[in-house]
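Trainee: Let me begin by handing over the structure; questions about it come next.
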Amino acid sequence: MQGSTTIRTELRTATDDTIDDALAHADPMVLRGWLYQLTGDEEVAAVPVAPFHAGVAEAMGLADRRDAGLLRAKAAAFLRAYRDAGAGELPIGPPERLRGSLGLAAGQEVPESELELWLEELALDPWARSLRWPEDPPPERLADFSVLVIGAGLGGLNAAVQLKRAGIPFTVVEKNPGVGGTWHENRYPGARVDTPSRAYTHLYGLGYEYAGPFCEQAENEKYFNWVADTFDLRRDISFDTEVLSAEWDEQGACWVVRVRDPEGERTLRPRAVISAVGFLSRPNVPEIPGADRFRGPAFHTARWPADLDLTGKRVAVIGSGCTSYQMVPELADLAGHVELYQRTPQWVFDRPGYRSRYPDQVAWLDRNLPWYANFLRFRTSWLTGPHVQSRAFDVDPEWTDPLSRSAMNARIRDGRLEFMRQKLGSRPDLLEQMLPPHPPMSARPVAVDAGYGIYDALLRADVTLVTEGIAGLTEHGIETVDGREHPADVVVYATGFRANDFLWPMEVRGRDGLRLADLWAEDGARAWVGTMLPAFPNLFLLYGPNTNPFSLGVVTFSEITTRFALERIADLVLGDRHSVAITPEAYRRYNRKLDEREVLRTWSDPRADNYYRNAHGRSASNCPFEGTEIWERLRHPDPTDLEVR
């Protein structure tokens with residue numbers, strides 16, 4: 001438990017002014033729940049709350065901002081008394097009080113049925129999502145059960161941590177020379193996470209010091225290196241190793257996996273495979289006429305050259321999704337001139353502190369307030385969950401406004417239009433060109449800094465928006481369909497990834513030689529709860545079809561899926577069984593329900609054309625279920641849904 005046994009020598013010598021200064025940076029809602037848990041102060045519990053707009057949705061915050069002063073004063077008094085008593089061990093307080101305390105931090109009641117999930121998110125136990133062996137496994141069976149993890153990014157590293165902790169033999173193969181997955185590959189200027197960083201680290205990463213509320217690429221990669229080093233994982237990872245194919249051997253009850261590394265090809269025979277390859281891992285490079293004629297550097301954003309100098313250069317950016325909107329403002333400060341080639345504009349959301357770093361006082365609070373970081377993590381996760389963020393993606397079937405999909409969606413649209421007018425009001429031409437044709441939340445919402453983002457960059461004299469279609473590349477630039485040639489020294493493809501081609505380009509075959517491509521031939525990639533496939537035994541996907549979450553974060557999904565996979569592996573080891581797969585009926589039943597829920601989510605709107613929808617018109621990436629539902633399905637699976645041999 002992060003806060004129970006630490007003696008805080010730094011707090012012991014802190015002055016009252018230091019405490020007051022740090023608490024000025026504390027989240028009042030977090031203090032509300034934290035104080036009540038530690039003190040039981042009913043005056044804290046009585047502080048009223050009211051709805052406010054938080055990012056893409058509506059959350060609960062203090063009804064009267066002046067109450068923040070009351071909460072900070074009470075927190076200061078508590079900390080001074082704690083300091084004066086020696087700043088030693090401090091218990092979390094009565095367990096029976098936790099549900100109410102979490103509700104105070106959330107601003108609304110935490111449902112009893114969800115309490116276990118939210119207590120996990122609180123990270124009082126950093127290993128709450130680890131495998132708990134129900135009995136000691138026979139050593140000879142355990143030694144015989146090897147697992148192959150594909151990928152050393154967010155999901156693969158956690159799988160390695162949990163397998164190592166459980167004592168299950170494993171190997172990780174990673175196609176890159178380092179860990180971090182997408183954060184190792186994507187090094188373009190402006191690359192940063194658009195999920196709050198406190199919800200983008202694992203439970204055991206609670207004590208990791210965050211550089212800012214939305215960390216940039218280098219900080220994210222630093223965190224994943226911290227995981228690899230803290231848990232001594234590098235010896236278990238084969239870098240520069242790519243999986244070419246995997247085929248299930250029924251007689252041997254194992255996977256035959258062909259990999260290629262710098263020394264050539266070799267074959268592995270693990271009993272189980274955990275795929276953590278992600279779905280934004282293979283760049284989508286468009287086929288543009290004349291691309292081979294262009295004489296300057298041309299590359300995808302995921303292949304950014306380390307030694308590229310853009311000083312004085314004319315840079316053409318092709319694509320208008322999240323990546324280009326993040327990148328163009330940064331490129332404008334580096335290059336001589338930037339042209340953004342835009343097919344479809346996107347809705348932009350200003351996020352306070354998006355490009356900023358935390359002041360020192362925030363880290364001081366994390367280090368010196370016992371349990372405060374736990375409550376702050378919970379509050380951050382709650383805001384991304386089913387009771388807040390998820391509501392922004394709901395469709396109201398009775399809603400008739402052609403420009404929006406619900407009353408909340410209409411409010412979101414009005415807010416985004418107002419933000420556009422504030423930024424682009426002096427340029428009616430840009431206002432028209434930057435107005436998306438689809439409702440908000442039907443494509444990926446793009447986070448920007450309120451002070452300087454894509455709209456601000458487009459107002460610069462050295463940035464040009466090009467909305468004419470591209471006819472092709474020439475030796476010295478880009479030709480648009482109107483016949484104009486736009487000179488360029490560098491061409492950057494901000495054209496996204498092959499998000500719907502799960503596991504591509506691996507050749508995967510299950511029982512009786514069934515190809516994964518054949519299973520998915522009808523309408524694209526599917527899985528049971530995003531992780532298991534019929535006729536593909538002992539194969540677990542960590543970021544599989546329809547697991548891109550909008551209700552709880554990707555880390556939470558990865559952790560609960562990994563625990564599910566390890567529990568199924570434990571069942572095989574303890575029961576001396578060979579394999580487990582999902583039954584065809586459970587697979588079909590789950591996906592029927594998924595399709596029913598899909599139409600009630602904003603990304604089902606046909607006016608949006610992006611990776612949220614595949615070539616068959618459905619989403620193979622996004623999860624229409626609440627994170628709480630996914631947690632329940634994976635925590636308490638129906639045994640009859642599993643085919644064990």
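Rule-based calculations on the coordinates, nothing more; no lab input. Just so we're clear, the structure is a prediction, and the values are computed from it rather than from any experiment. Here the Cβ is made from the backbone with ideal geometry for all residues, glycine too, and neighbour counts use every protein chain on show.
Trainee: Where nothing but the Cβ of Lys and Arg (+1) and of Asp and Glu (-1) is charged, how large is the charge dipole of the range 1-147 around its Cα centre, in debye to the nearest 20?
Mentor: Once rounded to the nearest 20, the dipole reads 420 debye.
Trainee: So how far, in whole Å, is the C-alpha centre of the range 571-630 from the one of the range 60-101?
Mentor: Each part's Cα centre sits 42 Å from the other's.
Trainee: Then there is this: Against the 2.2 N^0.38 Å scaling, with N counting residues, where does the range 105-183 land? I'd like the Cα-based Rg ratio to two decimal places.
Mentor: Compactness ratio reported: 1.45.
Trainee: Would you mind checking which residues have amide H under 5 Å from L244's amide H? H placed 1.01 Å from N; only 5 or more apart, or other chain.
Mentor: Excluding prolines and chain starts, which carry no amide H, the hits are R258, V259, R260.
Trainee: Can you list which of the GluC sites (Glu not before Pro) found in the range 462-519 are DSSP loop residues with at most 11 other C-beta atoms within 10 Å?
Mentor: E475
Trainee: Next question. I'd like the FRET efficiency for A218 and T640, computed as 1/(1 + (r/R0)^6) with the beta carbon distance as r and R0 of 51 Å, rounded to 0.05.
Mentor: That gives a FRET efficiency of 0.60.
Trainee: Another question, if that's okay. Please give the length that would be gained between W226 and R187 if that part of the chain were fully extended, namely 0.36 nm times their separation in residues minus their C-alpha to C-alpha distance (nm, one decimal).
Mentor: Details: separation 39, 0.36 × 39 = 14.04 nm, distance 1.84 nm.
Additional length available on full extension: 12.2 nm.
Trainee: Read phi for every residue in the range 442-450 and hand back ³J(HN,Hα) as whole Hz from Karplus 6.51 cos²θ - 1.76 cosθ + 1.60, θ = phi - 60°, with x for Gly and Pro.
Mentor: Running phi through 6.51 cos²θ - 1.76 cosθ + 1.60 with θ = phi - 60° gives 8, 10, 4, x, 9, 8, 9, 6, 4 Hz.
Trainee: Considering the range 299-440, what Rg and Dmax in Å follow from its alpha-carbon atoms?
Mentor: Computed over the Cα atoms of the range 299-440, radius of gyration and Dmax are 19.7, 54 Å.
Trainee: On alpha-carbon atoms, Rg over Rh for the range 148-219 using Kirkwood Rh?
Mentor: For the range 148-219, the value is 1.00.
Trainee: Another one. What whole-number distance in Å separates the alpha-carbon centres of the range 485-529 and the range 444-484?
Mentor: Centre-to-centre (Cα) distance: 27 Å.
Trainee: Okay, next question. Mind checking which lysines have their C-alpha under 26 Å from K164, skipping anything on the same chain fewer than 8 residues away?
Mentor: Within reach: K175, K222.
Trainee: Quick check: pseudo-label points 7 Å beyond the Cα along Cα→Cβ at D84 and R266, how many nm apart are they?
Mentor: With each label point 7 Å from Cα toward Cβ, the separation is 6.5 nm.
Trainee: As a check on your grasp of the helix formula, calculate [θ] at 222 nm for the chain: sum -39500 (n - 2.57) over DSSP H runs of n ≥ 4, divide by the residue count, round to the nearest 500.
Mentor: For the chain, the value works out to -9500 deg cm²/dmol.
Trainee: P(r) for the range 62-114, please, calculated from all Cα pair distances in 5 Å bins and given in %.
Mentor: Bins of 5 Å from zero give 4, 15, 15, 21, 20, 15, 8, 2 percent of pairs.
Trainee: On the Cα set of the range 361-419, report Rg and Dmax in Å, please.
Mentor: Every Cα atom of the range 361-419 included, Rg and Dmax give 17.5, 52 Å.
Trainee: Another question, then. Roughly how many whole Å is it from the C-alpha centroid of the range 356-409 to that of the range 31-51?
Mentor: So the two Cα centres are separated by 19 Å.
Trainee: Shape call for the range 207-361 from the C-alpha gyration tensor, a ≥ b ≥ c root eigenvalues: rounded (a/c under 1.5), prolate (a/b greater than b/c) or oblate?
Mentor: oblate
Trainee: Would you work out the relative contact order for the range 96-167, in percent, from Cα pairs under 8 angstrom that are 6 or more residues apart?
Mentor: This gives 24 percent for the range 96-167.
Trainee: Let me ask another. Work out how much length K593 to D518 would gain on full extension: take 0.36 nm times their residue separation and subtract the Cα-Cα distance, in nm to one decimal.
Mentor: On the way: separation 75, 0.36 × 75 = 27.00 nm, distance 2.17 nm.
Net length gain for the segment: 24.8 nm.
Trainee: For the chain, what does the convex hull of the Cα positions come to per residue, in cubic angstrom?
Mentor: Numbers: hull volume 113.1 nm³, N = 645.
Enclosed volume per residue, from the Cα hull, is 175 Å³.
Trainee: Order by neighbour count: W255, W133, fewest other Cβ atoms within 10 Å first, most last.
Mentor: W133, W255
Trainee: Could you give the Stokes-Einstein D for the range 556-597 in µm² per second, using the C-alpha Kirkwood radius, 4 °C, 1.567 mPa s?
Mentor: Rounded, D is 107 µm²/s.
Trainee: Next question, about the same structure. Starting from the Cα of K593, draw a straight line to each of the aspartates and glutamates and keep only those under 14 Å, dropping any in the same chain fewer than 8 residues away.
Mentor: E585, E626, E629
Trainee: So in the chain, what percent of DSSP beta bridges are antiparallel if you round to the nearest 5?
Mentor: That works out to approximately 45 percent antiparallel.
Trainee: Taking each pair of distinct Cα atoms in the range 14-124 once, what is the resulting Kirkwood hydrodynamic radius in Å?
Mentor: One decimal place: 14.9 Å for the Kirkwood radius.
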